[in-house]
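Notes follow once the structure below has been shown.
The values are calculated or read from the model by the stated rules, or taken from the named source; none is laboratory data. Small disclaimer: the values here were computed from a predicted structure and weren't measured. Here the Cβ is made from the backbone with ideal geometry for all residues, glycine too, and neighbour counts use every protein chain on show.
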There are 2 protein chains.
Amino acid sequence: MSINQKEMEEQFINYVKKIGAYNEALALIYWDLRTGAPKKGVDQRTEVIGVLSSELFELSTSEELESYLTVLSEESIQAQLSPITRKTVEEMKKEFDRNKKIPAEEHKEYVMLQSKAESVWEEAKEKADFSLFQPYLEKLVEMNKRFIEYWGHKENKYDVLLDMYEPGMTVAVLDEVFLDVKDKIIPLVHKIAASKNPPTTDFLYQTFPAKSQEAFSLDVLKQVGYDFDAGRLDKTVHPFATGINPGDVRITTKYDESDFRVAVFGTIHEAGHALYEQNISKELIGTPLCTGTSMGIHESQSLFYENFVGRNLAFWKHNYEALKSFANGQFDDVSVEDFYRAINESKPSLIRIEADELTYPLHIMIRYEIEKGLFDGDFEVKDLPAIWNEKYQSYLGVVPENDGEGVLQDVHWAGGSFGYFPSYALGYMYAAQLKQVMEKDIPDFDALLEQGNLLPVKEWLNEKIHRFGKMKKPLEILKDVTGEGLNAQYLIDYLYKKYSDVYQLDL
Amino acid sequence: MSINQKEMEEQFINYVKKIGAYNEALALIYWDLRTGAPKKGVDQRTEVIGVLSSELFELSTSEELESYLTVLSEESIQAQLSPITRKTVEEMKKEFDRNKKIPAEEHKEYVMLQSKAESVWEEAKEKADFSLFQPYLEKLVEMNKRFIEYWGHKENKYDVLLDMYEPGMTVAVLDEVFLDVKDKIIPLVHKIAASKNPPTTDFLYQTFPAKSQEAFSLDVLKQVGYDFDAGRLDKTVHPFATGINPGDVRITTKYDESDFRVAVFGTIHEAGHALYEQNISKELIGTPLCTGTSMGIHESQSLFYENFVGRNLAFWKHNYEALKSFANGQFDDVSVEDFYRAINESKPSLIRIEADELTYPLHIMIRYEIEKGLFDGDFEVKDLPAIWNEKYQSYLGVVPENDGEGVLQDVHWAGGSFGYFPSYALGYMYAAQLKQVMEKDIPDFDALLEQGNLLPVKEWLNEKIHRFGKMKKPLEILKDVTGEGLNAQYLIDYLYKKYSDVYQLDL
């Protein structure tokens, strides 16, 4: 590499770090807005976000960046770059090309549409009136279709959107796994509905003071290996985790005093996300590679902790006494086995974010089928409420009373996020696949949980997944760890085993 | 004004708002660093600060800004600008000229020196070893002397530094008021030392749980009219207030469980700062005028609330029962009058930030005399420890055992802040002057405090001071409100009256 090339590589890295700095400042501002920024300061804060975001957009689409990317993407030069720089160039170029292909005017129009659509959606949801939201959703779909044309596509247009959240994922793959899910999970849901041995759950809904829930949540976070020197726990309306940098990965949770599960499982879920972000290799700091590789892999980590750890009997054998000591007596007459059955109750329901482990994938599948239909041209926006209700009836046996608890329940579409929903189900399937390999390396998984020793689990995930950040693509990680591609069978097996146990079914 | 000029004014305002946005983002980052940012994320956050600060410096010294300022400062155009734009141009030009006159290389050297000097100072203070810090302080003084030459000065070089914190303030004025203070306060300190009726104070130092102190502090904040929809209270090692924007003015305090006064008076003090920032006219948002007009006027607000409200007997007649209810019985046998005397105990001491109302101005005077001597050429840095100790002996009758509790106690000089200290005493004198005028408009001041009705006081300060932000200079405010210039007599009168009461002296 010539001196000039070396210099350019350095300039490029500095340029990338500058972009990273803007992203980090914005991440902190968003965290603050959600955790307690005084409401009268919000309008002005929005101006600040506007200024920093435009600067960020300019940095991400500038001629300076284009010239770095052009030179550093040349084959002869690429070969001489460090792996991190090479991958950074690749990531930045993908993003740059995507941004550049959309005419500036349309980009601006789209940003304004998103913002308007979100506030209209809020009103429409509250009033349970789809007709308010319909024209905005139509416009969002239409613009996304146009963008897909700008970006270019192969056989399936929807693949282009999937790729934004889960690089490499396609309709062909998803159709297959969701067919498996449909064929296997729906019958199980029916069997459970007919079960004569449902768990008793009334004791779950006693008053559990928020302060005590917090104390227990903090204990659990320590146990899973969340690093408090690189994070903090706050309270919000909707729990989330945010990786501001790997040394600053914050979690929030929500305390419902009449249902402790919201905080406990919410915290464990967000801890899964946080452990990922906290353990990305320090070499990647300041590059766009310093984050989870995809929404699906991210969700595999949160769901792994929430379900495979947090809803596991062995975990509660260790933690049940502590939970009892923080509670006001609500579990005193309940065995840990009955407690375990209660927290694993499954019931078809209308609201995705309140769904249990078993029915959750069906909620996702419905959204996937609808999105695919919209971009295939099979469905029209105006028909979505009817389609939604019909699918809920058919897969889950429940029908929303109104669109507020139906097709309007999620914010994603209002934000223009089409192709995002499948990540939730993918994460779940990935998690089951990872778990099955992990058990080969850590055969005493349950025994460790029963001892409260979660360190080997965390280290395994650090080693196999976390440290790579975006250096590996999601399907590359899956292949490297499990030796195969996406496979729904592991999740199905897990659910059959678990629910035959919880509901004492003979499957 | 021509269309082009109108357009330029708009572009200028947008440019200024952009600068404001960077300042706001940085203010939030600094608040976060002090209130609980995870320590492992700090290094990376420092990088972010670096990127945003350089961008801010570039924006503040750019040719684009220069061209706006040149055109908009022309007399014929100035006259056609709105008052806010005109004042904004004036403020920005002052700052711009100051920055531009220092060669970029020296600016960079100075920033690095400040940062290094602060960490050396920390070590020197801990080891109580002035010799470690001496070369850095010498260099800081030397560079400031050079800057003064670049900036230009009239008779007194130190005036240039004073003007940075208190526009318009001069050595000529300060010499006079500090002479008054010296002549009147030192004899009072001696009389108090010889008093036969010192207050009993042992009951102050009982255990008062932090949570209860917080609850009481929140009550007091509500009472003074702090707007919680435009602020929040957090916990830090050193209390502070920060105006991120007028709708987001945050306070922090510190809880010492064996001395509740730290939190209570700390909170009231910071509330005084916060009320100022919360009540600046909304028209000024996004301009550099949207902040307190000077350090001195800012301190007048905090000290007004801390001393004239918080250490007032009438205030405690209203609040003493509430304080008792939060405490663990420590005040049960103490009358409100004895409580009032106890919280107003005065004793010469070594540490400025722990000093009482009466001796505090003497601590400031010592620092003022030393700074003036350094820039006059009367004093040399190497002699400061001896000079310091001699002045403490002479004015306060106490001598530090080592330089850690002497000349090294404050961080200001390590940060290159020469000319800042006088603001503390100025604020105190301003507050006494304002109080005396306020009493003409609100003759039932004490009665209102006794009813817990602090709204008229807040509204008076809003009307006379707060709303103007930087639209008026400090001495302009003083003149407009009191009809005169700086005058130490009001403070002296107040202190004589108060302490003759507390110590039952016959003066």
- [ ] Please find, among A:Ile268, A:Ile285, A:Ile244, the residue that is within 30 Å of A:Gln504 (Cβ to Cβ), surrounded by 15 or more Cβ atoms within 10 Å (Cβ to Cβ) and under 24 Å from the mean Cα position of the chain (by Cα).
- [x] A:Ile268
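Tally up the residues in the stretch A:430-455 that are assigned to a helix (DSSP H, G or I) and surrounded by fewer than 14 Cβ atoms within 10 Å (Cβ to Cβ), please. Show your work before the answer.
Quick first cut of the stretch A:430-455, residues assigned to a helix (DSSP H, G or I) only: A:430-441, A:445-451, A:455.
Filter once more, so that each one left must be surrounded by fewer than 14 Cβ atoms within 10 Å (Cβ to Cβ): A:439-441, A:447, A:451, A:455.
Counting residues in the stretch A:430-455 that are assigned to a helix (DSSP H, G or I) and surrounded by fewer than 14 Cβ atoms within 10 Å (Cβ to Cβ) gives 6.
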- [ ] May I ask you to list pairs of residues, at least six apart or on different chains, whose Cβ atoms are under 7 Å apart, with the first in the stretch A:181-201 being assigned by the TED database to the domain that holds A:Leu426 and the second being among the basic types (Lys, Arg)?
- [x] A:Pro199/A:Arg341
Task: Subset of the stretch B:474-507 (residues that are in contact with a Ser or Thr (Cβ under 9 Å, 6 or more places away or on another chain), crowded, with 17+ Cβ neighbours inside 10 Å and not in a helix (DSSP H, G or I)) - done: B:Tyr503
- [ ] Only residues that are within 13 Å of another protein chain (Cβ to nearest Cβ) and either among the small types (Gly, Ala, Ser) or in a loop (DSSP other than H, G, I, E, B) (or both): list them for the stretch A:218-240, please.
- [x] A:Tyr226, A:Asp227, A:Ala230, A:Gly231, A:Arg232
- [ ] State all residues of the stretch B:456-473 that are outside any helix (DSSP H, G or I) and either among the acidic types (Asp, Glu) or surrounded by fewer than 21 Cβ atoms within 10 Å (Cβ to Cβ) (or both); if no residue qualifies, say none.
- [x] B:Lys472, B:Lys473
Open item on the list: Among the residues that make up the stretch B:204-224, is at least one of them of a type in the set (A, V, I, L, M, F, W, C), farther than 23 Å from A:Gly36 by Cβ and assigned by the TED database to the domain that holds B:Tyr424?
Closed with: yes
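Please work out which residue is farthest from B:Pro348 (Cα to Cα), limiting yourself to the stretch B:148-195 and to residues that are hydroxyl-bearing (Ser, Thr, Tyr) and assigned to a helix (DSSP H, G or I). Talk me through it step by step, then tell me what you get.
Here is the first cut: in the stretch B:148-195, the ones hydroxyl-bearing (Ser, Thr, Tyr) are B:150, B:158, B:165, B:170, B:195.
Filter once more, so that each one left must be assigned to a helix (DSSP H, G or I): B:150, B:158, B:165.
Details: B:Tyr150: 41, B:Tyr158: 28, B:Tyr165: 27 Å.
It comes out as B:Tyr150.
To keep it simple, each residue is scored yes or no on (1) assigned to a helix (DSSP H, G or I); (2) touching a Lys or Arg at 6+ places or on another chain (Cβ under 7 Å); (3) surrounded by fewer than 17 Cβ atoms within 10 Å (Cβ to Cβ).
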site	(1), (2), (3)
A:Glu306	yes, no, no
A:Trp316	yes, no, no
A:Gly329	no, no, yes
A:His363	yes, yes, no
A:Ile366	yes, yes, no
- [ ] For the stretch A:30-48, name all the residues that are surrounded by 18 or more Cβ atoms within 10 Å (Cβ to Cβ) and hydrophobic (A, V, I, L, M, F, W, C).
- [x] A:Trp31, A:Ala37, A:Val48
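Please specify each residue of the stretch A:25-52 satisfying the condition of being among the polar types (S, T, N, Q) and facing chain B (nearest Cβ under 9 Å). It would help to see each step written out before you state the result.
Looking only at the stretch A:25-52, we keep the residues that are among the polar types (S, T, N, Q), and these are A:35, A:44, A:46.
Within the stretch A:25-52, A:Gln44 is the sole residue that qualifies.
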Task: Failed item, numbered, when B:Val173 is tested on (1) within 23 Å of the chain's Cα centre (by Cα); (2) of a type in the set (A, V, I, L, M); (3) closer than 18 Å to B:Phe379 by Cβ - done: (3)
TODO: Spot the failing condition for A:His412; the list is (1) surrounded by 17 or more Cβ atoms within 10 Å (Cβ to Cβ); (2) within 22 Å of A:Leu303 (Cα to Cα), and only one is missed.
DONE: (1)
TODO: Evaluate the stretch A:273-295: report whether one residue or more is under 22 Å from A:Tyr165 (Cβ atoms), more than 12 Å from chain B (Cβ to nearest Cβ) and of a type in the set (Gly, Ala, Ser).
DONE: yes
Open item on the list: Residue under question is A:Ser335, and the condition is that it be of a type in the set (S, T, N, Q), surrounded by fewer than 20 Cβ atoms within 10 Å (Cβ to Cβ) and over 30 Å from A:Asp480 (Cβ atoms); does it hold?
Closed with: yes
Open item on the list: Based on this model, can you work out whether A:Tyr22 counts as at the interface with another protein chain (Cβ under 8 Å from one of its Cβ atoms) and part of a helix (DSSP H, G or I)?
Closed with: yes
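Can you spot a residue in the stretch B:268-288 that is over 30 Å from B:Phe468 (Cα atoms) and in the same structural domain as B:Pro239 (by the TED database)? It would help to see each step written out before you state the result.
Within the stretch B:268-288, the first condition is being over 30 Å from B:Phe468 (Cα atoms), and the residues that meet it are none.
No; the residues of the stretch B:268-288 include none that is over 30 Å from B:Phe468 (Cα atoms) and in the same structural domain as B:Pro239 (by the TED database).
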- [ ] Give me a count of the residues in the stretch B:408-446 that are farther than 23 Å from B:Glu306 by Cβ and either without any contact (Cβ under 8 Å) to a residue 60 or more places away in the chain or of a type in the set (Asp, Glu) (or both).
- [x] 0
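Please pick out the residue among A:Lys145, A:Lys125 that is part of a helix (DSSP H, G or I), touching a Lys or Arg at 6+ places or on another chain (Cβ under 8 Å) and outside the structural domain of A:Glu405 (by the TED database).
Numbers: A:Lys125 fails: touching a Lys or Arg at 6+ places or on another chain (Cβ under 8 Å).
Criteria check complete, one pass: A:Lys145.
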Task: Among residues of the stretch B:377-407, those that are surrounded by 18 or more Cβ atoms within 10 Å (Cβ to Cβ), β-branched (Val, Ile, Thr) and without any contact (Cβ under 8 Å) to a residue 60 or more places away in the chain, counted - done: 1
- [ ] Determine whether the stretch B:258-272 contains at least one residue that is within 14 Å of another protein chain (Cβ to nearest Cβ), in contact with a helix residue (DSSP H, G or I) (Cβ under 6 Å, 6 or more places away or on another chain) and not in a loop (DSSP other than H, G, I, E, B).
- [x] no
TODO: Evaluate the following for A:Thr88: is it at pLDDT 95 or above and either touching a Pro at 6+ places or on another chain (Cβ under 9 Å) or more than 14 Å from chain B (Cβ to nearest Cβ) (or both)?
DONE: yes
